[in-house]
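Student: To start, I am sharing the structure in question, which I have written as structure tokens.
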Amino acid sequence: MKQQNNNLTHSETSSVYPWIVITLCSAFLFYKYILQVYPSIMTVQLMQEFHVSGIGLGNLAATFYYAYLIMQLFAGILIDRFNPRYLTAGAIACCALGAYVFSHTDNLLVACIARALMGAGATFATVSYMKMVAVWFKPQQFAFVGGLLATAAMLGAIFGQAPLSIVVKYAGWRDSILFCAILGFIICILFLAVVKDKPDNLGVQKTKKSSPGFSKKELLQVLKNKKNWLLTFYSGLIYTPIAVFGGLWGNPFIEKAYNLSQTDAASLISLIFIGLAFGGPLIGLLAERAGNKQRVMLWGALFCSISLSLIIYCPALPIGFLGCLMFLFGFAAGSFMLAFAVAKDLNNIALAATVVALINTGDAILGSITEPLIGKFLDLSWTGELVNGIQAFSLHDYHLALLPLPLYLLIGFLLMCFIKEKAIHKESSRS
């Protein structure tokens, strides 16, 4: 496989500038995950404001994923073919605009459109990051630097939990989201001012012509490769429980199960994202050292399933042990990042963003289905109890509704049994 990164000079790959580029790409990821998870810390406020039930709240939150899924079909191809700098800056601005509209509306339809704008813009965050890693860093750095994506993303998710919960407590949910909108516009301006598409010796892409090596034939090969689809579903099955439990339904479950305040529950949920922030790069480094990504992905999925099952179905755990399980769940979920590294080994680097977008499709599909599905399960088992005019769900309701999440992780474990490391190396050598 021709590695575009081989054209980079030593000074370019060892200089500070590639890290500046990745830092700004990371800022977009940080921002994306704030926007993705903030509904989890204001479930009561949103249900009261927009007069929705459990499935209504799930659909409002999942509108982010619906738009994310649709745009995922185009984001990778657009980033590979056109100017990543302007596309990414425009995507950040789209997220910020969505946050601004959401902070000012009291209409459910407008709120859904605003969430859709956030999801559409957020589609480019992971794709842009991985494209820049492929262009600016050496091939042997890909798993580690790519794994730092999880660190940046989860820092955003952490901020979107306890810290933002405190802001909501004192400033209200509207002003909190307005602050997020302003943050997005600042990141957009910085990205546009600082980031270049490529190292100078590769030439900055200034036209709408496709990159070297990009062709419809190559694109069809990506879509026809069964391993790419297995990696797509693996990534979706491992990441969706993080997004759904950590991003929406985990907070009210922990509040109910342990009789905690919203801020205390958010602090515990934050440990999932802290675990993933460490797990992403460290598991990537471990897989590179071990020389067997498939085995690491296999065990990561299994540990995820066990830890999440204990969190949901073992009542009255000591808070300290519960926190350790939250961290372990997130850390082990860092194995989903290896799907990008394996896919990069299997495909032409000119299609790096397209392959990343394909794998992200698994996250978007399952996320868009699962958030409202759990809301529907909660509605079906609801006994009619109301607190402050909104539905109050029992612990038994949550146990039934959250069952798909550990099952997803177990299925992800089984899927990895069909991808062998030797097959990866063999196919990579032919690329």
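The values are calculated or read from the model by the stated rules, or taken from the named source; none is laboratory data. These figures come from a predicted structure and were not determined experimentally. Cβ placement follows ideal geometry from the backbone for every residue including glycine, while neighbour counts extend to all protein chains displayed.
Student: Go through segment 47-68 and report how many residues are hydrophobic (A, V, I, L, M, F, W, C), surrounded by fewer than 23 Cβ atoms within 10 Å (Cβ to Cβ) and out of contact with any Lys or Arg (no Cβ under 9 Å at 6 or more places or on another chain).
Tutor: So the answer is 3.
Student: Could you list, in sequence order, all residues of segment 76-93 that are among the hydroxyl-bearing types (S, T, Y) and within 16 Å of A134 (Cβ to Cβ)?
Tutor: Selection gives T88 alone.
Student: Okay, next question. Just to be sure, is S14 modelled with pLDDT under 85 and buried (at least 23 other Cβ atoms within 10 Å of the Cβ)?
Tutor: no
Student: Look through L414, L410, L405, L378 and report the one residue that is touching a residue at least 40 places away in the same chain (Cβ under 8 Å), more than 21 Å from A62 (Cα to Cα) and assigned to a helix (DSSP H, G or I).
Tutor: L410
Student: State which residue pairs qualify: first residue closer than 16 Å to K344 by Cβ and inside segment 291-302, second residue surrounded by fewer than 17 Cβ atoms within 10 Å (Cβ to Cβ) and of a type in the set (K, R) in any location, beta carbons under 8 Å apart, and separation of 6 or more residues or different chains.
Tutor: From segment 291-302, the pairs are Q294/K420.
Student: Let me ask something else about it. Of the conditions (1) surrounded by fewer than 20 Cβ atoms within 10 Å (Cβ to Cβ); (2) modelled with pLDDT under 90; (3) of a type outside the set (A, V, I, L, M), G320 clears all except one; give me its number.
Tutor: (2)
Student: Quick one: which residue in G119, G184, G98, G90 is in contact with a helix residue (DSSP H, G or I) (Cβ under 6 Å, 6 or more places away or on another chain), modelled with pLDDT of 90 or more and more than 14 Å from Y38 (Cα to Cα)?
Tutor: G184
Student: Then there's this: Taking the criterion of being surrounded by 20 or more Cβ atoms within 10 Å (Cβ to Cβ) and farther than 19 Å from I411 by Cα, would at least one residue in segment 361-368 satisfy it?
Tutor: No, segment 361-368 has no match at all.
Student: Then there is this: It is to be established whether one or more residues within segment 196-204 are modelled with pLDDT under 90, over 30 Å from P252 (Cα atoms), part of a helix (DSSP H, G or I) and acidic (D, E).
Tutor: Taking every residue of segment 196-204 in turn, at least one turns out to be modelled with pLDDT under 90, over 30 Å from P252 (Cα atoms), part of a helix (DSSP H, G or I) and acidic (D, E).
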